[in-house]
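Following: one structure in structure tokens, then a few remarks.
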Amino acid sequence: MKIWSSLAVLFVIVLVGCAEGAKLVQEKEDAGVVVYPFKGEQGSMLSSFRNDALALMKEKCGGPYTIVREGEAKGRTRIASPIEGAQEIVQERRWGIQFQCK
């Protein structure tokens, strides 16, 4: 029984650690908007997901693109329960990049 409870706790910790990465949220034939999460103290430019966002834009355009504008996008609030009976509210900040293919 102890092994199962340990595995359950490990599973929950892994799920909590897996935040969504960069995501294409608006898409046109030659343009779009990509968003990615970032931590406030780290900043949007140093987020590990920024490279993923840039790669998504390059993939969408099949090469070069121009960043039209970027800034903080609507974030989300979620409840994490790493331990049964304990809940933690997690605020996730998101950065958005609007781009145009060249």
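A few remarks follow.
- Condition check for G75: at pLDDT below 95, farther than 11 Å from Q98 by Cα and in contact with an Asp or Glu (Cβ under 8 Å, 6 or more places away or on another chain): yes
- Hits in the range 16-49 (condition: at pLDDT 95 or above, surrounded by 18 or more Cβ atoms within 10 Å (Cβ to Cβ) and closer than 30 Å to Q87 by Cβ): A22, V35, Y36, F49
- Candidates E88, E70, filtered to the one that is among the acidic types (D, E), surrounded by 15 or more Cβ atoms within 10 Å (Cβ to Cβ) and out of contact with any Leu (no Cβ under 9 Å at 6 or more places or on another chain): E70
- Residues satisfying the stated conditions in the range 50-62, i.e. buried (at least 17 other Cβ atoms within 10 Å of the Cβ) and of a type in the set (A, V, I, L, M): A53, L54, L56, M57
The values are calculated or read from the model by the stated rules, or taken from the named source; none is laboratory data. Everything quoted here is computed from the prediction, not taken from an experiment. With ideal geometry, Cβ positions are generated from the backbone for all residues, glycine too; neighbour counts draw on all protein chains shown.
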